[in-house]
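Trainee: First the structure, which I've put down as C-alpha cells, then a few questions once you've had a look.
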Amino acid sequence: MLRNDRAGFGWVTIVLHWTIAVIILALLALGFIMRRVPIDPALQFSLYQWHKSLGFTALGLAAIRALWHVIELRPQPPAGLSPLEQRAGSVTHIVLIGLALAVPLAGWAVASTSTLNIPSFYFNWFIIPHLPMAKSAPAEDFWTLVHMTLAYLLLAFVAFHALAALYHHFARRDDVLVRMLSAGSHRRKRSQAASADPVIAGRKKP
Amino acid sequence: MTLRLQPPPRAIALAFLAVMPGASLTFAAAPDLADAAGNYGITSASRIHFTVAQTGGGGGIAGDFGKFSGSFRIDRNDVGRSTVEFTLYPASVKTGEKRVEDFLKSSAVFDTANYSTVTFRSTNVKQTGPDTAAVEGTLTARGTSRKERFSVTLLDWNRGSIAFNIRGNIHRSPYGMDVGTPIYSNVVEFDMNIKGQRR
Ligand code: HEM
Ligand code: HEM
C-alpha cells in the first residue's frame with residue numbers, strides 16, 4: 001500500500017504528490033501577491049518570510065520526491081493511452097520534478113545574493129544559511145529573473161498537467177486521476193474485476 | 001546631568017556632569033563650571049546612528065538620521081535641573097540601501113506620511129559618574145509616548161561648544177514598530193554623537 005506496484009501508485013507517491021502540489025500552488029499565489037499586489041508593507045515583509053520558509057519545505061519534499069521517482073517502481077501507464085500521450089505524460093512529469101527543484105533553488109539564490117541580506121529564519125525556528133554566492137544588485141536581479149521565469153513556467157506546466165488530469169477524468173473517463181487519489185483504487189477495481197470473472201469467481205464458490 | 005556646584009570652585013568635568021576630583025584626568029583643560037552652563041543648540045555636525053541586530057549575527061540594519069534639531073540647557077547650579085529637547089525627522093533616515101530606507105519610512109515602521117517627527121523631552125537628569133549622566137524623558141514616536149532612558153558621556157568641551165556621546169536601547173514594539181521581529185531584534189541601539197553650539 002505504501003509502495004507503488006505495476007498497477008498503480010502507493011501512498012508515499014500519492015501523499016508526496018498532493019502535499020507538494022498544494023504547497024507549490026500556495027507559493028505561486030503567495031509569490032504573486034507579495035510581489036505584484038500593492039499590500040501593507042509590514043504584511044509584505046511577513047509574506048516574503050513565509051514564502052521562503054514554505055519554499056524551503058517545497059524544496060525538501062521535491063528532493064525526496066525526485067529521489068523516490070528514481071528509485072521507485074513506475075506503474076504501467078493507465079490503459080487506453082496512446083504512445084504519444086504516454087510520452088507527453090512522462091515528459092511533463094520529469095519537467096515538473098525538475099522545476100520543483102530548480103524554482104526553489106533559484107529562490108534560495110535570490111535570498112543569498114540579495115544586498116538586503118535578510119536571513120532565512122525557517123518558520124522562526126532555525127536559520128537556513130545563504131548559499132555561498134556574492135551579494136550584489138546585478139546578481140540579485142539576475143536570480144530574481146530566473147526564479148520568476150521558472151516559477152511561471154512551472155505554473156504553465158502545472159496548469160497543463162492538471163487540465164490533462166481533468167480531461168482524462170471527465171472526458172475520457174479513465175482512471176488517470178483516480179489512481180493518483182487513492183492507493184486502494186486499482187486494487188479494488190482489480191478485485192471487482194476478479195469477482196466478475198467467471199473463472200475466478202467460480203473458484204471462490206464453496 | 002547633575003552638576004552640583006561644590007568646592008573647589010573650579011569645576012572639573014563638565015556640562016551634564018558633576019564636579020569630581022579625578023575628572024580632571026579626563027579633561028585636561030578643566031573648564032569653569034559657570035562657563036559650561038548655558039543654552040546650546042544641537043548642530044548638524046551631530047551624528048544620530050542606530051543599529052538593529054539580526055538573528056544569527058551579520059550586520060543587521062544600521063543607519064543614520066540626517067535631519068534633526070534640538071537644544072539643551074545646562075543648569076548653572078544644579079545639573080539635575082538641566083533639560084534637553086530633541087526632534088528627529090525619520091524621513092531623513094539613511095542606511096545605504098534604498099529599499100530599507102523606503103521600508104523604514106513606510107507605514108510598517110515610522111509611517112512618515114502621518115508622523116513626520118520623533119521627539120524626546122527630558123524629564124529627569126542624573127549624574128552617574130565623573131563624566132557621565134543618565135537622562136530620562138518622554139520619547140514620542142508614531143503617536144505613542146513612553147519614558148525612555150539614555151546614558152550620556154562627555155566627550156569634549158570648549159568655551160563655545162560641547163560634545164557628548166549618548167547611547168540608549170529602545171524597544172520597538174511599544175511604538176507599534178515591531179515589524180521584522182524576531183529576524184530583526186526588537187531593540188534599536190542608538191549611538192549618537194551630539195554637538196552643542198552655545199547660543
Ligand atoms: C517551489 C517553490 C517556489 C515557488 C513556486 C515560488 C514562486 C514564486 C513566485 C511566483 C514569485 C513572484 C515572482 C514575480 O511575480 O516576480 C516568487 C518571488 C520570490 N521568491 Fe519564490 N518560489 C518558490 C520558492 C522560493 C524559495 C525557496 C525562496 C527563498 C529561499 C524564494 C524566494 C523568493 C523571493 C525572495 C522572491 C521575490 C523576488 C523579488 O521580489 O525580488 N522562493 N516566488
Ligand atoms: C494541482 C493540480 C494537480 C493535479 C490535478 C494533478 C494530477 C495528477 C495526476 C492525476 C497524476 C497521475 C498521472 C497518472 O495516473 O499517471 C499526477 C502525476 C504526477 N504529478 Fe500531478 N497534479 C497536480 C499538480 C502537480 C504539481 C504541482 C506537480 C509538481 C510540481 C505535479 C507533479 C506530478 C508528477 C511528477 C507526477 C508523476 C507521478 C510521480 O512520479 O509522482 N503535479 N498528477
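Throughout, read-outs are computed from the coordinates displayed, never taken from laboratory work. No experiment lies behind these values; they were computed from the predicted model shown. So basically every Cβ, Gly included, is an ideal-geometry build from the backbone, and we count neighbours across all protein chains shown.
Trainee: Tell me, in nm to one decimal, what length is gained between residue A:171 and residue A:133 on full extension, where the rule is 0.36 nm per residue of separation less the Cα-Cα distance? Provide the component values of the computation, followed by the final result.
Mentor: On the way: separation 38, 0.36 × 38 = 13.68 nm, distance 4.89 nm.
Answer, rounded to one decimal: 8.8 nm.
Trainee: Hey, another quick one. Can you give the angle from 0 to 90° between the axis of helix A:41-71 and the longest principal axis of chain A, with both taken from C-alpha atoms, to the nearest 10?
Mentor: With rounding to tens, the tilt is 40 degrees.
Trainee: Still on this structure, please answer the following. Run the dipole for the stretch B:134-184 about the Cα centre, Lys and Arg Cβ at +1, Asp and Glu Cβ at -1, nothing else charged, and hand back the magnitude in debye, nearest 20.
Mentor: Numbers: 7 positive and 4 negative charges, 16 e Å.
Computed about the Cα centre, the dipole is about 80 debye.
Trainee: Of A:45, A:24, A:8, whose Cα points farthest to the positive end of the dipole of the stretch A:1-156 (charges on the beta-carbon: +1 Lys, Arg; -1 Asp, Glu; origin at the Cα centre)?
Mentor: So the residue furthest toward the plus end is A:8.
Trainee: Any idea how far apart residue B:136 and residue B:193 come out in nm if each label point goes 7 Å out from Cα toward Cβ?
Mentor: For residue B:136 paired with residue B:193, the spin-label model returns 3.0 nm.
Trainee: Under unit Cβ charges (Lys, Arg +1; Asp, Glu -1), what dipole magnitude, rounded to 20 debye, does the stretch A:11-201 have relative to its Cα centre? Could the numbers behind the result be given before it?
Mentor: On the way: 14 positive and 8 negative charges, 85 e Å.
Roughly 420 debye for the stretch A:11-201.
Trainee: Follow-up question, since we're still on this one. At residue B:173 and residue A:18, where each label point lies 7 Å from the Cα along Cα→Cβ, what is the point-to-point distance in nanometres?
Mentor: Distance between the two pseudo-spin positions: 3.9 nm.
Trainee: Sort out for me the Cα centre separation of the stretch B:114-175 from the stretch B:66-113, rounded to whole Å.
Mentor: 10 Å
Trainee: Could you please state, rounded to a whole Å, how far the C-alpha centre of the stretch A:75-143 is from the C-alpha centre of the stretch A:1-56?
Mentor: 12 Å
Trainee: Once you put a point 7 Å from the Cα of residue A:182 and another 7 Å from the Cα of residue A:25, both along the Cβ direction, what distance in nm separates them?
Mentor: With each label point 7 Å from Cα toward Cβ, the separation is 2.0 nm.
Trainee: I'd like the orientation of helix A:185-196 relative to chain A: the angle between its Cα long axis and the longest Cα principal axis, in ° from 0 to 90, rounded to 10.
Mentor: Long axis of A:185-196 versus the principal axis of chain A: about 10 degrees.
Trainee: Roughly how big is the protein assembly as shown's charge dipole about its Cα centre, with Cβ charges of +1 (Lys, Arg) and -1 (Asp, Glu), in debye to the nearest 20? It would help to have the intermediate numbers written out before the result.
Mentor: Working: 42 positive and 26 negative charges, 262 e Å.
I would put it at about 1260 debye.
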